[in-house]
1. Grab the beta carbon distance between PHE123 and THR477, set R0 = 25 Å, and tell me the FRET efficiency rounded to 0.05.
2. Under unit Cβ charges (Lys, Arg +1; Asp, Glu -1), what dipole magnitude, rounded to 20 debye, does region 252-357 have relative to its Cα centre?
3. Mind putting a number on the dipole of region 80-199 about its Cα centre? Charges go on the C-beta only, +1 for Lys and Arg and -1 for Asp and Glu, and I need it in Debye to the nearest 20.
4. For region 125-186, count all C-alpha to C-alpha pairs, find those more than 12 Å apart, and express that count as a whole percent of the total.
5. 7 Å from Cα along Cα→Cβ at both LYS406 and LEU305: what's the point-to-point distance in nm?
6. Expressed as a rounded percentage, what relative contact order does region 284-356 have, with Cα pairs under 8 Å and six or more residues apart?
7. Normalised by the residues of region 121-240, what does the relative contact order come to in percent, with Cα pairs under 8 Å and at least six apart?
8. Using R₀ = 30 Å, calculate the FRET efficiency as 1/(1 + (r/R₀)^6) where r is the Cβ-Cβ separation of ALA133 and HIS156; round to 0.05.
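Where a number appears in this text, it was derived from the coordinates with a stated rule and is not lab data. What you see is a predicted model; the values in this text were computed from it and never measured. So basically every Cβ, Gly included, is an ideal-geometry build from the backbone, and we count neighbours across all protein chains shown.
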Amino acid sequence: MLHRKNPPCNGTTLSDRIVCGAEVSMLTYLLMLVLSAGASTARGQVSAQGASDPSVAQEASDSTTGTQSNYGSDLTARHESPSWLFPITELDKRLPSWIRIGGQYRNRLEGPIGIGFTGTNDFYLQDRLRVRAVIQPKPWLAFRGEVQDSRIFFNHHTPNGNPYEDSWTLWEAYPQIGSSTEGWVDVLAGRQVLLFGDERVIGPSNWLNVGRTFNVARVDFHHPGYKVSVFASSVVPGANTDLHNALPDNNMYGIYGSLQNVVPKANLEPYVLWRVAQANPGLPEEVGHGHLNEVTLGLHWKGTLPSGFDYDSEFDGQQGSLGKYSIGAWAGYASLGKTFRKAPASPRTFLELNYASGTKNQAGREWNTFDQLYPSNHDKYGFVDLIGRRNLVQYRAGIEEVPAKKWRLKQQFAGFWLATADDNLYNGAGAIAVHAHPGASRHVGNELDIVAEYTLSKGLNFGFGYGRMFAGPFLRTTTAGHDYQYPYAYFEYNFTKSGFHFPISTNQPDYW
């Protein structure tokens, strides 16, 4: 059995603390020791490695079809990395060419203040280890497997469970017939991360310590200028079991396309998603409502304009039924950015507007609350991750800078309102965070986020940030009304030189 019980890191006795401290971050300490020991010799041992190096493990999902591709992409392709930092890369060079090993380790300290908009505070450490193997005996045949171990330590009020902890489980495992980059078609079936477009509809929610994966059967069609994925899937819930059985009778079928030559310097991504689910208390949108039969039609449109402008938009409409209700919901966002390439730090400013419908008449027979499906909400609806894409009106504005080659900064300010005061406030997972309070103000609050990231090398980066949700009239009426603060710091280590999918995303095509 891979599963083992977590040490008593939320215990209050001295013995509990000693036991936990001895076990919690042996990997953390080992990594830091390696980094310290190698730092003195790193200057003389730096070697470049291109994106074509066969020892580079595949670390993330393609933004359109969700197939495996390089985590680092062009954001880190120019970084030189000390070879002592990547023993797995050296191991891969000595293994047969048809087998590759990789993985990633992340460690993050968080100190939330004002949990639940009350006076409750916490401080804890989260770590996550992913280890993968890829066996590719033929160019057209590959077998991929990955395990994940997510833990939380020293917590007092934060639960030992999803989305903070899920010890030693199967993260991905699937065979793939055909190539995702060559030819016309490839087929895969098994457990896999799904990631499409801007991840506002389907993504792995990678910022969370556990994240999200699916049981999938899928066919990808591709040719220069377009990609189309046809899939049937069922989400795998995060739980403390080794393999995780998907929730029964909760399935999503979809067709997701990417058309790159229809509009100049733009990508159009039309899609249709069909979700069906029996009444299940494990599904937040179905609590007390019943069977779900829902179709989502959407279009994601993203591109660049002259003079350093860029734009990003997505619109979704939903029809179907939820128990006795007839579904009629929609959501959309539109953003505009501008990069000042000749200014110091090449700042990019942006403004974005978001809307997701809510249900005005809870006693009626029409359900208008948008189903956010399976998004990666981090950053898009604030870095503190308190708000979901349901019954929401939001604006956000901010600026991103590159003050030095290895630094990235971001500051943003957002305001949140309920689309209707007759519906609830929903959290990032889509569940009810605060019940509706008709007559109360719709203004939930405002959020300030400040984030910094430093890339030491291609496979090692550090970051820290601070977010604060200033409680608005709605929260002051329905809760204790405390502001919520979220300071954090982290480092990420990639076992190979393929880099990372950074928490700060950008539309700048030549960011580094």
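1. Details: r = 29 Å, r/R0 = 1.16.
Here the calculated transfer efficiency is 0.30.
2. 500
3. Dipole size: approximately 420 debye.
4. Values: 1346 of 1891 pairs.
Every Cα pair in region 125-186 considered, those over 12 Å come to 71 percent.
5. Roughly 3.7 nm, to one decimal.
6. Details: 144 pairs, mean separation 18.9, N = 73.
Over region 284-356, the number comes to 26 percent.
7. Details: 270 pairs, mean separation 25.8, N = 120.
Answer for region 121-240 is 21 percent.
8. Values: r = 37 Å, r/R0 = 1.24.
Approximately 0.20, to the nearest 0.05.
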